[in-house]
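Have a look at the structure below before the remarks.
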């Protein structure tokens, strides 16, 4: 699509004030999110521009709290869950590269303190909420006065799905068309669904052997079936959006589950095969299908990993708590 | 592709002699076959015409022995592995419908005695070898004098993959283009590969919940990813054929495994999801990938069921017998 590579700095610079000012201390929060229509495949690796639009549900108060303050130690300090991280670690480098876009040549050393309250049993990625919270904090700290769509676009440069974590509730990330990606931003759907439940089932906490970024790249390069993915995702997004509007839970569940399985299908047909599922993942899936054939409206979604996220309404909560005693339940909109 | 539906009888009648004669007793054998490039999707349900060409390896002396003789009991008798089958059973009806194409209005009652020597642990379908052996026997019994391609085309009408079981060794089934399907026939590749091994791993003998015919139909109807399958299969077939010609085992294994996983990928993205894998299937897959990363050239293929067929050369036999003690090994061309 876009042939020329535009750097992050080139895009960001156009939106920054000539002279930067800095506050003393700011804090920001951004929620974690679970995609019901997945982001899978980049059309631009530098700017994290996707090959399809996606849609997620934010996890309420579960996410990342980020605090930016001045460092008087003479250098930057990066903290994750109160533990200081080596500056040359992969985690610190990603954060410092991102911060460099906004402080530019300012010598001011900073303390970046990130705390995730995502359930430990969740198997959830924290890069989405982490980069969204960091972007919101940077905007405040340097008084950038960026609007929400711009915050979403810039958070995306840190981690694709961070574009969605700038918002709460149901969030759609439009893929956009521009080569600078400034139309590839998320927005919040005007919808509230009390009783909407997400059940986190962790089958493994072992670090996945292939990260999402590499997985996407391998899939696009080697899976012939991937050619059909963008159209599939586009159809799923429309169905899910309509299901949210009409509060039609079975339509939502069906489209979300089909979307997740189709994404995993594109990975499996890659070479070498990319199968994030473990035997235990498949056992949970078969159990879900059995429960559904018994009349219980429960569906699932999965990201690039072995863990499952169940989707159901609060009316099914009791029976599912019995069936899955280790499941952690999140209600993004509270109970009805 | 073909818009008008042509009946089996219309096609077959053009190849039959005006007057039928019948021998007293004939016997025939056809081998079972395992597809390395799968047959998945029909362009014509009546004639079993496929949407892609496929390629298989025949299992030597393992398959179906069929005996046709006159019945003096006044009616047809159908035997399967020496047990008489009810004439209104699904098994008998398929056989009698097929036989009707060739005996037409002849009143002659027959005994059809089919014996499969496919390993019980195999989890292999017997319809391919069964219909191929039946077709070969019918050709002899009624002295039809049909050539091999015609036998292949007619066996296909009984069961798609039976078109390949008319031959031994590596067999390619060309999808063909004609609406009467008479160019949708198999042929044997001129290739001999001593030491080529197939390892049968049975993880379940429970009847699969959705048969292949229904599975294909559901996938074509509901999986968007299926649109990419025929091109994928076509590319895989070329690679596999080249790998056989060059005796390049890793190329063969890679293309066969990718082909099987891609077929399963199209099923998983159907709705309701069609996942034939059991947790145990996935455990074996992960073990195979681990062995491969340890340097052992072992690949697998899977049909519409939970069992696996391992592909390796006899040099890896010893180590794999230790890793998979319950595996049944078949060497279609004998040992080197």
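What follows is calculated from the coordinates using simple rules that are stated; it is not laboratory data. Since the model is a prediction, treat every value here as computed from it, not as a measurement. All Cβ positions, even for glycine, are placed from backbone atoms using ideal geometry, and neighbour counts span all protein chains on display.
Helix-derived [θ] at 222 nm for chain B: sum -39500 (n - 2.57) over DSSP H runs of at least 4, divide by residue count, nearest 500?
So the calculated ellipticity at 222 nm is -11000 deg cm²/dmol.
Within a 10 angstrom radius of each residue's Cβ in A:68-75, how many Cβ atoms of other chains show up on average? Whole number is fine.
On the way: counts 0, 0, 0, 0, 0, 0, 0, 0.
Average per residue, whole number: 0.
Quick one: if you stick a label point 7 Å off each Cα along the C-beta vector at residue A:70 and residue A:15, how many nm between them?
Taking the two extended label points, one gets 2.7 nm.
Which of the three applies to the stretch B:8-188, rounded, prolate or oblate, going by the alpha-carbon gyration tensor with a ≥ b ≥ c and a/c under 1.5 meaning rounded? Can you show the working numbers first?
Values: a/c = 1.77, a/b = 1.24, b/c = 1.43.
Verdict is oblate for the stretch B:8-188.
Quick one: give the max-minus-min coordinate of the C-alpha atoms of chain A along each principal axis, largest first, in Å.
Its Cα atoms span 63, 42, 37 Å along the three principal axes.
Measuring from a point 7 Å out along Cα→Cβ, what nm distances, shortest first, does residue B:61 have to its partners in the other copies?
7.4
How would A:301, A:21 line up from fewest to most surrounding beta-carbon atoms within 10 angstrom?
By the 10 Å Cβ count, ascending, the order reads A:21, A:301.
Say each of residue B:7 and residue B:23 gets a label point 7 Å from the Cα, pointing the same way as Cα to Cβ; how far apart are those two points in nm?
2.9
Please compute the modelled spin-label separation between residue B:321 and residue B:214, points set 7 Å along Cα→Cβ, answer in nm with one decimal.
Distance between the two pseudo-spin positions: 4.1 nm.
Output the peptides B:242-248, B:92-98 sorted from most to least packed, where packing is the average of other Cβ atoms within 10 Å over each peptide's residues.
Per-residue mean Cβ counts within 10 Å order the peptides as B:92-98, B:242-248.
Looking at the protein assembly as shown only, what percent of DSSP beta bridges run antiparallel? Nearest 5 please.
90
Restricting to bridges with both residues inside the stretch B:1-156, how much of the DSSP beta-bridge set is antiparallel, in percent to the nearest 5?
85
Could you work out the mean count of beta carbons from other protein chains within 10 Å of each residue's beta carbon in A:229-235?
Other-chain Cβ atoms within 10 Å of each residue's Cβ, averaged: 2.
Would you mind giving the mean number of other chain beta-carbons within 10 Å of the Cβ of each residue in A:151-163, as a whole number?
Details: counts 0, 0, 0, 0, 0, 0, 0, 0, 0, 0, 0, 0, 0.
Counting Cβ atoms of other protein chains within 10 Å of each residue's Cβ and averaging gives 0.
Would you list A:218, A:156 from fewest to most Cβ contacts within 10 Å?
A:218, A:156
Mean-square fluctuation check for chain B, GNM, Cα pairs under 10 Å: which of B:91, B:170, B:196 is largest?
Largest GNM mean-square fluctuation: B:91.
Can you give the three extents of the C-alpha atoms in the stretch B:146-295 along their principal axes, from longest to shortest, in whole Å?
Here the Cα extents, ordered largest to smallest, are 46, 39, 30 Å.
Of the residues B:162, B:297, B:283, which exhibits the maximal mean-square fluctuation in a Gaussian network model of chain B defined by a 10 Å Cα contact cut-off?
Among B:162, B:297, B:283, the largest GNM mean-square fluctuation belongs to B:283.
Taking the label point as lying 7 angstrom from Cα along the Cα-to-Cβ axis, what are the distances from residue B:97 to the corresponding position in the remaining copies, in ascending order and in nanometres?
Result, one decimal in nm: 6.0.
With N set to the residue count of the stretch B:234-299, report its C-alpha Rg divided by 2.2 N^0.38 Å to two decimal places.
Ratio of Cα Rg to 2.2 N^0.38 Å: 1.27.
Which of A:33, A:307, A:224 moves the most in a Gaussian network model of chain A with Cα springs under 10 Å?
Result for chain A, Cα springs under 10 Å: A:224 fluctuates most.
What does the copy distance list look like for residue A:18, label position 7 Å along Cα→Cβ, in nm and ordered from shortest?
In nanometres, ordered from closest: 10.4.
Could you work out the pair-distance distribution P(r) of the protein assembly as shown from its alpha-carbon pairs, with 10 angstrom bin width and percents rounded to whole numbers?
Bin by bin from 0 Å, the calculated values are 3, 14, 21, 20, 16, 12, 7, 4, 2, 1, 0.
Enter the Cα centre distance for the pair the stretch B:100-154 and the stretch A:175-245, rounded to the nearest angstrom.
50
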